[in-house]
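The values are calculated or read from the model by the stated rules, or taken from the named source; none is laboratory data. Only a predicted model underlies this, so the values are computations on that prediction, with no experimental measurement involved. Cβ placement follows ideal geometry from the backbone for every residue including glycine, while neighbour counts extend to all protein chains displayed. Accessible surface is based on the protein model in full, side chains and every heavy atom, while ligands, DNA and RNA are left aside. Shrake-Rupley method; radii C 1.70, N 1.55, O 1.52, S 1.80 Å.
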Amino acid sequence: MIGANDKFSKIGFVLAMAGSAVGLGNAWKFPTMVGNNGGSAFIILYLALTFCVAFVAFLGEAAIGKLGESDLVHSLFKLAPKHKKQWSLAGFFMIGAVLIASFYMVVIGWILYYIIISFGSLPADTSAAGALFGGLISSDITSVVLCFSAVFFVVFYIVSRGIKNGIERLNIWMMPTLFVLLLLMLFYSFTFGEGFLKAAQFLFVPNFSKISGELVLQALGLAFFSLSMGVGAVPTYAASLPDGTNLIKSTLSIIFINIFIGLMMGLVVFTFIFAYGADTAQSGPGLIFVSLTTLFAKLGIVGNILAICFFVSLLFAGITSAISMIEPFAFYLINQFKFTRAKALVLIGIFTYILGIFSALSFYAPTADSFSLFGKSVFDALDYLTSNIMMPVGAIIFSFFVGFVLNKEALNILLGRFMGRAFFELWYFAIRYVVPVAICAIGIYQIVG
Ligand code: PFF
């Protein structure tokens, strides 16, 4: 159970959940996918899927947390009318969040490194920028490990302070700061005139010929990753929700903030890219660590300031997400074994740290061959296992649980009063049938595609 003094405030919940959602996914998965898929058609598709599928499933996961008011394993145990033990096992999908944290913090470490170098001179052309990034991950293991370790200690320190004094407090200043930094960069992008217009056109004028079945599934996968679903983050935060919160309104705010920040990041990134004629189809790390850095270098001192703002906003987005990956399992260990928070975090920390180092070593040239799994680097294998397997499977199990196992009247009391009977029935239908079909389609595509 959760003491009243370790529950979120209403705004704290929205910011913490938005902090979990807004992360590295918004910064590079979203702009990269938009860039590779011709822009706005992808955004429209993404918005439609977010509202028709991800929103529905998100409310279901939040309902498990709020009705169970415990960690995911114990909530499922408490809420299942029968086969309690079997259902509670599904709670272990939250290990997926710990696995994500291990490689995710390595990337946040790279971002920290780029903040530091943004105080000096940035690489002036693409080949120098490519060499800098390639050199960092493949030969400068000391910097990678130091930056990863710094991020690791900050994240674990915040989680060690608990929901109210750690997670809520951090999100309450980091999320608005992130927003202000992005807003400043957006204002600056306006001054690029044509570059900004091209970026806006690229992001907002639809080109439906790009939409294919495959794209639908990729967009859905991104929506789930971006909303931190299927691995326990949503139910865990929702368990600390104050009574009487309008979950519909909170969820809509979270989704809105997530999309809005994704679009702001997209506008900023593509304005720079268009203004300097760089390639829009560059992927992930290439877009941010290579293309953008060279563009910042062209702007002299303003570029340094912009680079610092940009990488600090990514750092904040990453940290607020990483803490939401650690809290679910820590909360379980505390409840199940009566561990102190510190002890639970030391255990999770050892595991996460070792895996993080393995991920870093899987890019380091002298050890890369030894740190590969199923023909992929440890980093890519963990990303694949979590994003493509654990998150969708977890999300489908939780939706099934809400749609077919959980007491409908309890859901109606929690949600129905804020959405009205007709909408409640529509939502209930969608969580039973639309969400599982959509996720199964992603699953099958991931396996055979
Ligand atoms: N939503 C985060 C992002 O877009 O970067 C990633 C994430 C956070 C995944 C929390 C899973 C999680 F539990």
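See the values below:
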| read-out | value |
| --- | --- |
| Value of [θ]222 nm, deg cm²/dmol, for the chain, DSSP H segments ≥ 4, -39500 (n - 2.57) each, nearest 500 | -22000 deg cm²/dmol |
| Relative contact order (%) - criterion: Cα under 8 Å, at least six apart; region: the chain | 34 percent |
| Simple Cβ-charge dipole of the chain, Lys/Arg +1 and Asp/Glu -1, about Cα centre, in debye nearest 20 | 1200 debye |
| Normalised contact order of the range 174-292, rounded percent, pairs of Cα under 8 Å and 6 or more residues apart | 47 percent |
| Ordering of 210-217, 344-351 by packing [mean C-beta count within 10 Å, highest first] | 344-351, 210-217 |
| Charge-dipole axis of the chain as Lys and Arg at +1 and Asp and Glu at -1 on Cβ define it, positive-most pick from Leu181, Gln336, Ser253 | Gln336 |
| Residue-level accessible surface for Leu183, protein heavy atoms, 1.4 Å, Å² | 60 Å² |
| Local electrostatic count at Ser160 - Lys and Arg +1, Asp and Glu -1, tallied over other residues with Cβ under 12 Å | +2 |
| Dipole magnitude (debye, nearest 20) for the range 298-442, charges at Cβ of Lys, Arg, Asp, Glu | 380 debye |
| Among Phe77, Val155, Asn165 - extreme Cα towards positive end, dipole of the range 51-206, charges at beta-carbon | Phe77 |
| Mean Cβ count within 10 Å, highest first, over the residues of peptides 327-335, 88-96, 416-424 | 327-335, 88-96, 416-424 |
| Cβ charges +1 (Lys, Arg) and -1 (Asp, Glu), total dipole of the range 1-155, debye | 680 debye |
| Inter-part distance where the range 243-267 and the range 333-370 are each reduced to a Cα centre, Å | 31 Å |
| Where Tyr104, Tyr433 fall by accessible area, highest first, once all protein chains stay in place (1.4 Å) | Tyr433, Tyr104 |
| Cα gyration tensor shape for the range 1-114, rounded if a/c is under 1.5, else prolate or oblate | prolate |
| Too-long pairs where the Cα-Cα distance tops 31 Å, listed order kept, from Lys210/Lys298; Lys10/Lys338; Lys29/Lys298 | Lys210/Lys298 |
| Principal axes of the range 46-180: Cα extent on each, largest first, Å | 62, 37, 30 |
| Degrees between helix 10-21 axis and first principal axis of the chain (Cα, 0 to 90, nearest 10) | 60 degrees |
| Cα-based helix-to-principal-axis angle, 141-160 vs the chain, degrees rounded to 10 | 30 degrees |
| Top positive-direction residue, dipole computed over the range 328-415 with Cβ charges, set Gly375, Val393, Ile348 | Ile348 |
| Rounded tilt (10° steps) of 194-204 against the dominant C-alpha axis of the chain | 30 degrees |
